[in-house]
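The values are calculated or read from the model by the stated rules, or taken from the named source; none is laboratory data. What you see is a predicted model, and the numbers here were worked out from it, not measured in a lab. As a convention, Cβ positions derive from the backbone with ideal geometry for all residues, glycine included, and neighbour counts pool all protein chains shown.
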Amino acid sequence: MRTTKLPSGQAVPVLGQGTWGMGESPGSRAGEIEALRFGIDAGMSVVDTAEMYGDGATEDLVGQAIEGRRSKVLLVSKVLPQNATRAGTIAACERSLRRLQTDHLDLYLLHWRGRVPLAETLEAFETLMRTGKIRSWGVSNFDTADMTELVGKHGGPAVQTNQVLYNLARRGIEFDLLPWCEQRQLPVMAYSPLEQARLLGDPELRRIADAYAVTPAQIALAWAVRHDGVIAVPKAGTVEHVRQNLMALDIALSDSDLAALDRAFAPPTSKRPLEMI
């Protein structure tokens, strides 16, 4: 499994597992748990979740999935901005830990920026680290100006990742945010790297997939992790889907393939507002 490094020096697989939408359908629960376990055992150790997902139901499912495998998992969860006060962050983290049936998170992210001052959230993160409830922290949906402000705060340079929307159809971060992070050796965690399957019918993507005898989704994932500074966390609710995602790591796109994808999905030529879904 190819890895990148967090600023702390910890090696992290470039392909992990997202969980947005999991745990919300009783009929899918067993398959989703099996899929997460298969991915963990195959080396996709980053499991990304959030208190927001299913109002906690997703964390409950993840807790069940990682039982007996916790030492293999780099577990990521997120605090909602309205909960991100000093006391609120700690309370939210403790609720997440109970649902996840663990005593610590490996990464705890601020889900997006809200009205609570960043300094207050950072104080809570530092308290959680001192008490061993989180190993490290990061942010999500922060644009370049937000990141610049963050690292200027006391404790801000300890940020380990910025999780943002990034895929072939959402390339805005390439203009300034991604280079900013790369310069500081701060990996970006790409959520929705397949644009919830909406881009997979693109003719050029399908043409390239056919040439490699793979699926459009595998080409899109191979593109997303073509640089070492990106960790993709696609959701996969079945073992077969996870297996297909894993195979994307074996695809080395050629310069001509990348140029064709640039023509089909143009990279940004100016600053764009950070996109979210």
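Some values worked out for this structure:
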quantity	calculated
Residue in the range 202-213 that is touching a residue at least 40 places away in the same chain (Cβ under 8 Å), surrounded by fewer than 23 Cβ atoms within 10 Å (Cβ to Cβ) and of a type in the set (Ser, Thr, Tyr) present	no
Single condition ASP228 does not satisfy, out of (1) touching a residue at least 40 places away in the same chain (Cβ under 8 Å); (2) touching a helix residue (DSSP H, G or I) at 6+ places or on another chain (Cβ under 8 Å); (3) part of a loop (DSSP other than H, G, I, E, B)	(2)
Hits in the range 1-36 (condition: of a type in the set (A, V, I, L, M), in a strand (DSSP E or B) and without any contact (Cβ under 8 Å) to a residue 24 or more places away in the chain)	ALA11
All positions within the range 259-276 that are farther than 17 Å from PRO203 by Cβ and under 23 Å from the mean Cα position of the chain (by Cα)	PRO267, PRO268, LYS271, ARG272, PRO273, LEU274, GLU275, MET276
Selection from the range 55-101 of residues that are of a type in the set (A, V, I, L, M), closer than 23 Å to ALA42 by Cβ and in contact with a strand residue (DSSP E or B) (Cβ under 9 Å, 6 or more places away or on another chain)	VAL62, ALA65, ILE66, VAL73, LEU74, LEU75, VAL76, LEU100
Count - residues of the range 62-93 that are of a type outside the set (A, V, I, L, M) and over 27 Å from PHE38 (Cα atoms)	7
Where ASP228 falls short, out of the listed (1) touching a Ser or Thr at 6+ places or on another chain (Cβ under 6 Å); (2) crowded, with 17+ Cβ neighbours inside 10 Å	(2)
Verdict on GLY31 being on the phi > 0 side of the Ramachandran plot, more than 15 Å from the chain's Cα centre (by Cα) and at pLDDT 95 or above	no
Subset of the range 231-277 (residues that are free of Cβ contacts under 8 Å to residues at least 24 places away in the same chain and either under 24 Å from GLY21 (Cβ atoms) or of a type outside the set (A, V, I, L, M, F, W, C) (or both))	GLU240, ASP250, SER254, ASP255, SER256, ASP262
Hits in the range 194-214 (condition: under 14 Å from GLN244 (Cα atoms), out of contact with any Lys or Arg (no Cβ under 9 Å at 6 or more places or on another chain) and assigned to a loop (DSSP other than H, G, I, E, B))	ALA213, VAL214
Subset of the range 111-157 (residues that are touching a residue at least 12 places away in the same chain (Cβ under 8 Å), more than 20 Å from LEU186 (Cβ to Cβ) and of a type in the set (S, T, N, Q))	THR127
Index of the failed condition, GLY56 passing every other in (1) of a type outside the set (Ser, Thr, Tyr); (2) at positive phi; (3) touching a residue at least 40 places away in the same chain (Cβ under 8 Å); (4) not in a helix (DSSP H, G or I)	(4)
Index of the failed condition, ALA222 passing every other in (1) on the phi < 0 side of the Ramachandran plot; (2) outside any loop (DSSP other than H, G, I, E, B); (3) surrounded by fewer than 16 Cβ atoms within 10 Å (Cβ to Cβ)	(3)
Residue count, the range 41-53 (criterion: in a helix (DSSP H, G or I) and more than 19 Å from LEU246 (Cα to Cα))	1
